[in-house]
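Participant: First, the structure itself, so that you have it in front of you.
The values are calculated or read from the model by the stated rules, or taken from the named source; none is laboratory data. Values in this document were obtained by computation on a predicted structure and should not be read as measured data. Here the Cβ positions follow ideal geometry from the backbone for every residue, glycine too, while neighbour counts run over all protein chains shown.
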């Protein structure tokens with residue numbers, strides 16, 4: 001079973017370059033809708049057996065064309081949403097971006113006890129995201145061992161949790177390996193309940 005973690009298409013907050021993590025969040029832009037359609041075209045011939053999205057509107061709108069292409073429903077799962085940044089919400093100034101990085105960088109090196117100002121700790125994010133992925137894996141692994149499940153999520157949460165899930169994602173990649181809109185991290189299920197990363201934003205591992 002393959003798990004394709006896809007970052008949502010361009011949202012209005014992306015255009016403003018602000019940290020927007022409260023749910024349900026902003027919608028896609030016109031370009032974002034075009035990106036979602038292009039994603040469906042790109043994966044038209046893939047063996048997609050499930051399409052999931054976070055509780056964010058932008059994630060669900062990104063997933064919808066792909067799900068429709070494969071005659072599937074978009075299944076919304078709590079736990080896949082972006083890192084909640086608390087006091088940094090809706091800010092895009094240098095101080096806010098620095099404060100975010102000052103917490104996120106140590107997370108990728110194992111300091112998950114640190115928390116965003118007024119927001120989540122790394123432990124919070126890891127616990128909810130991994131639980132959601134475990135739920136998805138349990139549903140599909142036995143029935144569709146050669147299928148691909150697409151999960152539309154969010155950049156920071158994806159990067160951190162891909163590192164924690166996979167056996168071959170180094171901290172520096174999780175830290176610096178930004179995921180573009182509709183970019184993907186592709187994982188494959190391995191024995192013992194683990195995962196192995198096959199590609200990161202289009203680059204083979």
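Participant: Select from the range 43-64 the residues that are without any contact (Cβ under 8 Å) to a residue 60 or more places away in the chain and assigned to a helix (DSSP H, G or I) and list them in ascending order.
Facilitator: 57, 58, 61, 64
Participant: State whether the residues of the range 174-193 include one that is at pLDDT 95 or above and on the phi > 0 side of the Ramachandran plot.
Facilitator: Checked against the condition, which is being at pLDDT 95 or above and on the phi > 0 side of the Ramachandran plot, the range 174-193 yields at least one hit.
Participant: Just one of 169, 151 is more than 18 Å from residue 82 (Cα to Cα) and either assigned to a loop (DSSP other than H, G, I, E, B) or under 12 Å from the mean Cα position of the chain (by Cα) (or both); which is it?
Facilitator: 169 is the lone residue from the list that is more than 18 Å from residue 82 (Cα to Cα) and either assigned to a loop (DSSP other than H, G, I, E, B) or under 12 Å from the mean Cα position of the chain (by Cα) (or both).
Participant: Scan the range 100-123 residue by residue and report those that are part of a helix (DSSP H, G or I), touching a residue at least 40 places away in the same chain (Cβ under 8 Å) and surrounded by fewer than 17 Cβ atoms within 10 Å (Cβ to Cβ).
Facilitator: If the condition is that a residue be part of a helix (DSSP H, G or I), touching a residue at least 40 places away in the same chain (Cβ under 8 Å) and surrounded by fewer than 17 Cβ atoms within 10 Å (Cβ to Cβ), then 105 is the only one that fits.
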